[in-house]
Amino acid sequence: MEGSDAGLPAAATHPLVEERYRDIARRIGELKREKNAVILAHYYTAPEVQAVADFLGDSLALSVEAQSVEADVILFAGVHFMAETAKVLCPDKKVLIPCPEAGCSLADSCDAGAFAAFRAQHPDHTVVSYVNTTVEVKALTDICCTSSNALKVVESIPADRPVIFAPDRNLGSYIRKLTGRENMLLWDGACHVHEEFSLEKLLALKREHPAAKVVAHPECRAYIVAVADYVGSTAGILSYCGQSDAQEFIVVTEAGILAEMRRRHPEKRFIPAPPDDETCGCNNCRYMKMVTLENIAAALETLSPEIVLDERIRRLAERSIRNMINIK
C-alpha cells in the first residue's frame, strides 16, 4: 500500500535501533506475539519506535491498514487522534495508545463545541475535516480527508456547493488555490511544527545546496509552499524523493520522516529545514516524540491505556471517515 510499509526488518536487528534499545525491542517483539498485537506507527515517531512497528505509514495509509489487521490488539504509536481513528474503524478490537498525553496542536486548535456552533451558522456547507481532529469533530463532519487525498475529496464535491474546511488553514488555502474554489470557508487552525519553518533559513539552505530539491508538506505556510519543488503528504514526499534523479533534498516537514528517507535511500542526502527557533536545528513534533519504547512495552504488558469511545459519536465519525475512504 502506498504510504505504508509492512514486513520491516526485525526490530532487534533493525538498522535504526541503537544497541541500548536492543533488549527492550526484543521484549516488545515477545509481547506482540503473546498478546496477538500489532503496532502501527507514524513516520513522525522516533526512529527506534518506527523500528518496532509492523506497519509504518502516514495518516491515510494507517487508517486503511487498521481495518485489515487480524490481531486482537492494535497499539498505535502516534498521537491521540490517530488511535481514536483506529478505534472508530475497528470497534471490536482493543486499541492501545502508549502515551495518552500525546496530543496534536492541530487537533487542539479545533474545539468540538466551537466547531459545532460554527457549522450551525453555515448549514448549507459540506464539512470537510482533516483527519488531524478529535473524534467529536469527525462526528460533525461530512467527509474526512488527509493531506494525501484532500484535493480529491474537495473535488468530489459539486463546485457550486459551499465547503467548510477544517481545521488547517494552510492546507485549506493550498487546496482552495489548486481548485480555484472561492466558496471554501476555512477554520483558523494550524500545526505548530509546520507553522514554524523559517523562509529566510530555507532560502539560505537553497543557496548552500543549489542542486537540492525542496520538498514541503502542505500544512506549511503559503510562502514556504511557494518555494518548494514538490508539495505533498509524507507518503507523497517519500515517493517523490525515491523517483527523483536529485541526490539532495531539503525536507520541510516534521524531522521524523528523515529516518525512513535514509533507510530507503542511503545513497541520497536529506537536509532538515530549520525553524525560526534558534535553539534547535530541525522541527520535531513534541507530541510524536512522547511515544517511547518504554511506554510501548508498558502498554503491551498491561493492555492499557485503551481507547474507549461513545458509540453514538463513534458511528458518526465512522461515516465521515468511510466517506473519505470510499472516494476513489
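Summing +1 for each Lys or Arg and -1 for each Asp or Glu among the other residues whose beta-carbon sits under 13 angstrom from that of Val225 gives 0.
What separates the Cα centres of region 76-105 and region 175-208 is a distance of 27 Å.
Plainly put, the chain has a radius of gyration that is 0.96 times its Kirkwood radius, both from alpha-carbon atoms, as the Rg/Rh ratio. Net charge in the neighbourhood of Lys138 (other residues with Cβ under 15 Å of its Cβ; Lys, Arg +1, Asp, Glu -1) is -2. Taken one residue at a time, the phi angles of region 35-49 give Karplus couplings (6.51, -1.76, 1.60, θ = phi - 60°) of 9, 6, 10, 10, 10, 9, 10, 8, 4, 8, 6, 5, x, 5, 6 Hz. Gly and Pro are set to x.
Dipole check for region 26-67: with +1 at the C-beta of Lys and Arg, -1 at the C-beta of Asp and Glu, and the Cα centre as origin, the magnitude is about 220 Debye. Only DSSP H runs of four or more residues enter the estimate; each adds -39500 (n - 2.57), and after division by the residues of the chain the mean residue ellipticity at 222 nm equals -11500 deg cm²/dmol. Toward the positive end of the charge dipole of the chain, with +1 on the Cβ of Lys and Arg and -1 on the Cβ of Asp and Glu, the farthest Cα among Gly29, Ala66, Gly180 is that of Gly180. Using a ≥ b ≥ c from the Cα gyration tensor of region 170-287 (square roots of the eigenvalues), is it rounded, prolate or oblate, where a/c under 1.5 gives rounded and otherwise the larger of a/b and b/c decides, a/b for prolate? Verdict is prolate for region 170-287.
For Ile250, the residues 5 or more places off, or on other chains, whose built amide H falls under 5 Å of its own are Lys213, Val214, Val215, Ile271. With the simple model of a label 7 Å out from the Cα in the direction of the Cβ, Thr179 to Gln247 spans 4.2 nm.
Expressed as a whole percent, the accessible area of the chain that falls on carbon and sulfur atoms is 50 (1.4 Å probe). Applying a DSSP loop filter and a limit of 14 other Cβ atoms within 10 Å to the GluC sites (Glu not before Pro) in region 124-198 leaves Glu182. Across the cross-link table entries Lys177/Lys289; Lys93/Lys289; Lys152/Lys201, which are compared at the Cα atoms, the separations over 30 Å belong to Lys177/Lys289; Lys152/Lys201.
Computed from backbone phi with θ = phi - 60° and the Karplus coefficients 6.51, -1.76 and 1.60, the 3J(HN,Hα) list for region 175-181 is 5, 4, 5, 5, 8, x, 7 Hz; x is used for glycine and proline. By the equivalent-ellipsoid construction on the alpha carbon gyration tensor, region 171-225 comes out with semi-axes of 26, 13, 7 Å, ordered largest to smallest. Phi angles of region 23-34 translate, via the Karplus equation with coefficients 6.51, -1.76, 1.60 and θ = phi - 60°, into HN-Hα couplings of 5, 6, 5, 5, 4, 4, x, 5, 5, 4, 5, 5 Hz per residue; Gly and Pro are given as x.
The values are calculated or read from the model by the stated rules, or taken from the named source; none is laboratory data. Please read these numbers as outputs of a predicted model, since none were measured by experiment. Because the Cβ atoms are built from the backbone with ideal geometry, glycine has one as well, and the counts that use them run over all protein chains shown. Side chains included, ligands, DNA and RNA excluded: accessible areas come from the protein's heavy atoms. Shrake-Rupley method; radii C 1.70, N 1.55, O 1.52, S 1.80 Å.
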